[in-house]
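The values are calculated or read from the model by the stated rules, or taken from the named source; none is laboratory data. Quick caveat: nothing in here was measured; it's all calculated off a predicted structure. Cβ coordinates were reconstructed from backbone atoms using ideal geometry, including for glycine residues, and neighbour counts include every protein chain displayed. Heads up: the accessible areas ignore ligands, DNA and RNA and are worked out on the full protein's heavy atoms, side chains in. Shrake-Rupley method; radii C 1.70, N 1.55, O 1.52, S 1.80 Å.
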Number of protein chains: 2
Amino acid sequence: MAYTLGVEAGVGSVPILEAMGIRVVEVAPGRAIADLPPEPNVNHFGVTYAGSLYSVAEMLGGVLALATFDFDGELAGFVPLVKESTIRFRRPALGVVRASASLSDDEVARVRRDALSTGKGEFVLEATLTDAGGEVVATTVGTYQVRRFG
Amino acid sequence: MAYTLGVEAGVGSVPILEAMGIRVVEVAPGRAIADLPPEPNVNHFGVTYAGSLYSVAEMLGGVLALATFDFDGELAGFVPLVKESTIRFRRPALGVVRASASLSDDEVARVRRDALSTGKGEFVLEATLTDAGGEVVATTVGTYQVRRFG
């Protein structure tokens with residue numbers, strides 16, 4: 001069984017995400033964006049720590065799933081899980097970092113169909129992390145599941 | 001250029017790692033172990049958040065590098081960097097999670113040789129995350145570099 005993100009996979013449900021200062025700035029079906037401030041995520045060089053960059057990108061999967069799938073209705077009893085993720089660091093991250101990810105309508109429809117028919121819908125979500133100048137500082141690829149729980 | 005871990009890549013140099021309660025329990029040339037407590041890293045199900053699991057594993061690369069390579073001597077001016085990492089979640093993480101990683105003497109010697117001769121020594125570090133019962137909750141594979149800086 002995979003790691004459980006939790007039904008309320010937003011910032012408020014995990015104290016350490018709140019401590020990072022992560023702020024969800026946009027969330028809609030198939031789309032999520034969050035900001036990560038420098039403090040308290042920087043090392044003494046003023047560069048944002050790898051684990052905080054990973055976190056702001058990873059949590060988009062849960063946030064997006066909650067806004068995209070009907071966990072109070074047809075997918076009641078399902079939860080979003082993360083199975084695996086990879087992060088690639090491109091350049092030092094300075095200042096506020098914005099993470100964004102989206103899932104196409106076709107993918108959303110397929111995941112929903114798979115979840116309803118098999119109890120498990122898997123999807124791959126790519127997130128891009130950019131600095132205030134729009135430069136890509138890191139990219140992630142995560143494998144998530146919407147899965148019947150318990 | 002890759003993300004900079006920082007010369008003092010230990011817990012104390014990054015406030016958010018300290019906020020996670022990460023504790024380095026063993027560090028020696030080629031070897032590092034750290035513990036991650038549940039609070040404040042759990043979601044409301046009591047399961048440790050993915051980003052905290054990632055962080056305790058990732059930071060071993062910096063801690064290990066600092067204990068393994070002579071950044072005050074022959075590798076003065078070099079820093080450890082992380083280029084990329086992958087985490088795979090095996091089961092929900094409950095309680096204190098221990099992350100451990102090691103690098104063989106041969107690998108250490110090769111990285112040192114490469115760094116001295118080319119200005120860059122790259123290594124792949126696998127970390128294992130276990131719960132108090134010794135069950136593997138996650139594994140990571142990170143690509144790091146010891147690199148001449150600036």
**Message:** On C-alpha positions alone, give me the angle between the axis of helix B:105-118 and the longest principal axis of chain B, in degrees, nearest 10.
**Reply:** 50
**Asked** Taking the Cα atoms only, what angle lies between the long axis of helix B:50-68 and the longest principal axis of chain B, rounded to 10 degrees?
**Response** 30
**Asked** Over chain A, what relative contact order in percent results from Cα pairs under 8 Å that are six or more residues apart?
**Response** 26
**Request:** Compute the projected area of the convex hull of the Cα atoms of the protein assembly as shown, averaged over all viewing directions, and report it in nm² to one decimal place.
**Result:** 14.7
**Item:** Selected from A:SER100, A:VAL82, B:PHE123, residue furthest toward positive end of dipole (the protein assembly as shown; charges at beta carbon)
**Value:** B:PHE123
**Accessible surface, per residue, of chain A when the full set of protein chains is kept, probe 1.4 Å, Å²** = 39
**7 Å along Cα→Cβ, label-point gaps from A:GLY46 to other copies, nm, shortest first** = 4.5
**Request:** Quick one: among A:PRO29, A:PRO40, A:PRO15, which has the greatest mean-square fluctuation in a GNM of chain A with alpha-carbon springs under 10 angstrom?
**Result:** A:PRO15
**Message:** Please report, for A:THR128, the nm distances (one decimal) from its label point, 7 Å out from Cα along the beta-carbon direction, to the equivalent points in the remaining copies, shortest first.
**Reply:** 3.9
**Message:** Label position 7 Å from Cα toward Cβ: report the copy-to-copy distances for A:PHE149 in nm, one decimal, ordered from shortest.
**Reply:** 4.2
**Asked** So what's chain A giving for Rg/Rh, alpha carbon basis, Kirkwood Rh from the mean inverse pair distance?
**Response** 0.99
**Request:** Write down the radius of gyration of the stretch A:98-150 and its Dmax, each obtained from C-alpha positions, in Å.
**Result:** 14.1, 44
**Asked** Which residue, B:LEU17, B:LEU129, B:LEU81, tops the fluctuation ranking in a GNM of chain B built on C-alpha contacts under 10 Å?
**Response** B:LEU17
**Item:** Spatially proximal lysines relative to A:LYS83 (Cα-Cα < 18 Å; intrachain offsets below 8 disregarded)
**Value:** A:LYS120
**Fill in**
Expressed in nanometres to one decimal, the distance between label points 7 Å along Cα→Cβ at B:VAL124 and A:GLU26 is 3.7
